[in-house]
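Here the structure comes first, spelled out in structure tokens, and everything after it is commentary.
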Amino acid sequence: MLGIWLIRENYDDLFNRLNLNANELKTLENFRNHNRKLEWLSVRTLANEMTGRNVRIIYNAERKPFLEDDSFNISISHSHEFTSILMSKDRRVGIDLEYMSHRISGIADRFIHQSEKVTDDSAMIQYHLYIYWCAKEALYKICDKREIHFKKDIIIDHFNPEEKGKLSGTVKTEKGKEKFNLNYFRINNYTIVWSCK
């Protein structure tokens, strides 16, 4: 299941939809940034909507999210006004959602491998780079956030960027190489890439 939440509610609207326990209230209170609080609340609201019940999200030492009752594998992403969650009962999952700003071109050499080709179409370069970035982030998450270098260890196969599409990539870990299929699409000025295996 893939869920996307556009945050239009205020703090009280989201807070009142939830039944938070003492640990969750403490976590929420520790966020200094108001928008970060809204993101955190929207993630939990979306998780409850997707499962149809009150669920608890917990994190391991690598900050990988889990549902406390282990009913689903989950991956979470948020950027600006959007929150997204990918869930599966029996498959590994990874999702990344990014608001597209102009800044990504300046850091492309940090994550684009020499074998990965970016389009020459000036109108599509930014979107193409964001698909690469989101794909690598999604695969990093699906591989449990182990010691993986975005540029050297995650290679995305050649693809031509479209409004939505499919692509594939390989992740190199201490266990060897693993191939993944991914899906991507765009909503307004946001890029979303997800994978499950």
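How do the peptides 86-98, 60-72, 44-56, 166-178 rank, highest first, by the average count of neighbouring beta carbon atoms within 10 Å per residue? It would help to have the intermediate numbers written out before the result.
On the way: 86-98: 19.8, 60-72: 11.9, 44-56: 16.2, 166-178: 13.6.
Those peptides, ordered most packed to least, come out 86-98, 44-56, 166-178, 60-72.
Give, in nm to one decimal, the length gained when the segment between Y59 and T119 is fully stretched (0.36 nm per residue of separation minus the Cα-Cα distance). Don't skip to the answer; put the middle values down first.
Numbers: separation 60, 0.36 × 60 = 21.60 nm, distance 3.74 nm.
The span from Y59 to T119 would gain 17.9 nm if fully extended.
Taking 7 Å along the Cα-to-C-beta vector as the label spot, tell me the N30-K172 distance in nanometres, rounded to one decimal.
The answer from the label model is 3.7 nm.
List, in order, the whole-Hz ³J(HN,Hα) value for each residue of segment 65-71 obtained from phi through the Karplus relation with A = 6.51, B = -1.76, C = 1.60 and θ = phi - 60°; use x for Gly and Pro.
Once θ is set to phi - 60°, the couplings for segment 65-71 become x, 9, 7, 4, 8, 6, 6 Hz.
List the residues of segment 95-121 whose backbone N lies under 14 Å from a point placed 7 Å from the Cα of K179 along the Cα-to-Cβ direction.
Counting only backbone N, you get no residues.
Per residue of the chain, what 222 nm ellipticity follows from adding -39500 (n - 2.57) for every DSSP H run with n ≥ 4, rounded to the nearest 500? Intermediate results must be reported in sequence, preceding the final value.
On the way: 5 runs with 55 residues, N = 197.
Counting only the DSSP helices, I get -8500 deg cm²/dmol.
Modelling each spin label as a point 7 Å along the Cα-to-Cβ direction, I'd like the R8/N188 distance in nm, to one decimal.
Once both label points are built, they end up 1.0 nm from each other.
With +1 assigned to the C-beta of every Lys and Arg and -1 to the C-beta of every Asp and Glu, and no other charges, what is the dipole magnitude of segment 116-197 about the Cα centre in debye, to the nearest 20? Can you show the working numbers first?
Details: 15 positive and 12 negative charges, 70 e Å.
Approximately 340 debye in magnitude.
Hey, could you get me the Stokes-Einstein D for the chain, Kirkwood radius over alpha-carbon pairs, 37 °C and 0.692 mPa s, rounded to whole µm² s⁻¹? All intermediate terms of the calculation are to be shown ahead of the outcome.
Numbers: Rh = 17.6 Å.
Here the translational diffusion coefficient equals 186 µm²/s.
Quick check: Cα centre of segment 170-196 to Cα centre of segment 10-49, how many Å?
About 28 Å separates the Cα centre of segment 170-196 from the one of segment 10-49.
Read phi for every residue in segment 37-47 and hand back ³J(HN,Hα) as whole Hz from Karplus 6.51 cos²θ - 1.76 cosθ + 1.60, θ = phi - 60°, with x for Gly and Pro.
Going residue by residue, I get 5, 4, 4, 4, 5, 5, 4, 5, 5, 5, 4 Hz, with x marking Gly and Pro.
No value in this document is a laboratory result; all are computed from the given coordinates. Everything quoted here is computed from the prediction, not taken from an experiment. Every residue, glycine as well, gets a Cβ built from its backbone with ideal geometry; the counts of neighbours run over all protein chains shown.
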